[in-house]
Amino acid sequence: METIVTTDPMVAAEVIRSGGTAAFPTETVYGLGANVFDEAAIQKLFDAKQRPQDNPLIAHIGHLDQLDQLACDIPGFAWDLIDTFFPGPLTLVLQKGERVPLIATAGLETIGVRMPGLELAREFLTACGTPVVAPSANLSGRPSPTTWEAVKEDLDGRIDCILKGDATEIGLESTVVDCTGTGPVVLRPGAISLEQLQEIVPKASKASDADSGAALKSPGMRHRHYSPRAAVVIVKGAIPPGGPDSAFIGIDQSAGQFSNSLILSSVEEYARAVFEFFRECDRRGVKTIYCEAVPETGVGAALMDRLRRAAQG
Ligand code: TXA
Ligand code: MG
């Protein structure tokens, strides 16, 4: 199929309304959208990404009044998080509404819901006239796309449309928070930190890796993720000597010995740049990417989570 590239959110929304798949920018990463109520469109989305069918999708909304089409029995603490952080890089896992097909949730009775902060995303979603399920717009297992060109690199000819916007502001996927128990539990760290959630709901907690319940609750976290073809090595302390086949990314100014290196001036910039750097290293045939470890506060926790997963891949 031919993949249309457009800057017009109305054109991309028409693709969704007519049962197609369209990638679109958000403030976190680019997503690949399909109408949440269209099972055939969702199947196309899984096929295009080669995504395992047991990995549930996040439903995106442009307006809060679309929430009751997706979720029911929303607890008070979840409303507090919605009031504070929507629109923004936060996904809440809620009891799913009856109309949501099980293909969207990979058979779960819960659904992840998020309202993106990026205005172009909300314009597009509002024009769709329906909530839109959207995983990151990469081939399954590859680093999430932070530019429209990265979407094209992975999915050209496999999806109907790309809504072209700027490079994404945050660069890592949303914080996923389970709200189906007695308090919020972070299943996937993101730009909204545990500390920020606790300011609103003090009992908010983090699912530990040892918590097999959490692994079951966020099935996506079991799968291979965020991996470039190059090996990823996390560096704590002394930086190894660089070679022609190796690269370095971090905030340490003394890594000049690498021919492929990217030195950022903050953890936020590092988070924004890391997935595109992984892709660029693959384009250049780099064999090993050294990634400087950062303190696990704020977005640093999310960045370290992604680096560890990439290092396992
Ligand atoms: O920032 C983001 O969240 C991006 C943009 C496009 O919005 N989307 C994204 O989607 O990262 P994806 O499919 O790559 O990741 C979805 C994550 C997975 O870890 C999945 O397991 C979890 O959310 N998830 C989705 N629905 C869930 C549910 N009902 N229960 C538990 N975890 C869920
Ligand atoms: Mg993804």
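The values are calculated or read from the model by the stated rules, or taken from the named source; none is laboratory data. Remember, it's a predicted structure, so these values are computed and weren't measured experimentally. Methodologically, a virtual Cβ is constructed for each residue, glycine included, from the backbone with ideal geometry; neighbour enumeration extends over all protein chains shown. Remember, those area values only see protein heavy atoms, side chains included, never the ligands or the DNA or RNA. Shrake-Rupley method; radii C 1.70, N 1.55, O 1.52, S 1.80 Å.
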* **Extreme residue, positive dipole direction of the chain, given options I249, S266, L92 (C-beta unit charges)** => I249
* Hull surface divided by four, with the convex hull built on the Cα atoms of the stretch 80-149: how many nm²? -> 6.1 nm²
* What is the stretch 35-116's relative contact order, in percent, from Cα pairs under 8 angstrom and six or more apart in sequence? -> 43 percent
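Using a probe radius of 1.4 Å on heavy atoms only, what accessible surface per residue do you get for the chain? Whole Å² is fine. Could you put the intermediate results ahead of the total?
Values: 12650 Å² over 313 residues.
Counting only protein heavy atoms, the per-residue value for the chain is 40 Å².
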* Charge dipole magnitude, Cβ of K and R +1, D and E -1 - the chain, Cα centre, debye nearest 20 -> 960 debye
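So what's the back-of-envelope 222 nm ellipticity for the chain, counting only DSSP H runs of four-plus at -39500 (n - 2.57) apiece and dividing by all residues, rounded to 500? Walk me through the intermediate numbers first.
Working: 10 runs with 96 residues, N = 313.
Value at 222 nm, helices only: -9000 deg cm²/dmol.
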* Asked: Under the Karplus relation 6.51 cos²θ - 1.76 cosθ + 1.60, θ = phi - 60°, what is the ordered set of whole-Hz ³J(HN,Hα) values for the stretch 50-60, x standing for Gly and Pro?
  -> 6, 8, x, 6, 8, 10, x, 9, 9, 8, 10
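Considering only the other residues whose Cβ falls under 15 Å of the Cβ of E98, what net charge follows from Lys and Arg at +1 and Asp and Glu at -1? List each step's numbers first, then the result.
On the way: positive: K96, R99; negative: E39, D68, D73, E109.
So the environment of E98 carries a net charge of -2.
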* May I ask you to evaluate 6.51 cos²θ - 1.76 cosθ + 1.60, the Karplus curve with θ = phi - 60°, for each residue of the stretch 291-308 and list the ³J(HN,Hα) values in order in whole Hz, giving x for glycine and proline? => 10, 5, 5, 10, x, 8, 10, x, 5, x, 5, 5, 4, 5, 4, 5, 5, 4
* Asked: What residues qualify as long-range amide H neighbours of L118, i.e. H under 5 Å apart, gap of 5 or more or another chain, H built at 1.01 Å from N?
  -> E27
* For E269, net neighbour charge (Lys/Arg +1, Asp/Glu -1) across residues whose Cβ lies under 13 Å away -> -3
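Taking the Cβ of E199 as the centre, find all other residues whose Cβ is under 14 Å away and add up their charges (Lys, Arg: +1; Asp, Glu: -1).
Numbers: positive: K203; negative: D80, D83, E195.
With Lys, Arg at +1 and Asp, Glu at -1, the neighbours total -2.
Hey, any idea what the orientation-averaged projected area of the convex hull of the chain's Cα atoms comes to, in nm²? Present the calculation step by step, with values, prior to reporting the outcome.
Numbers: hull surface 59.7 nm².
Hull-based average projected area comes out at 14.9 nm².
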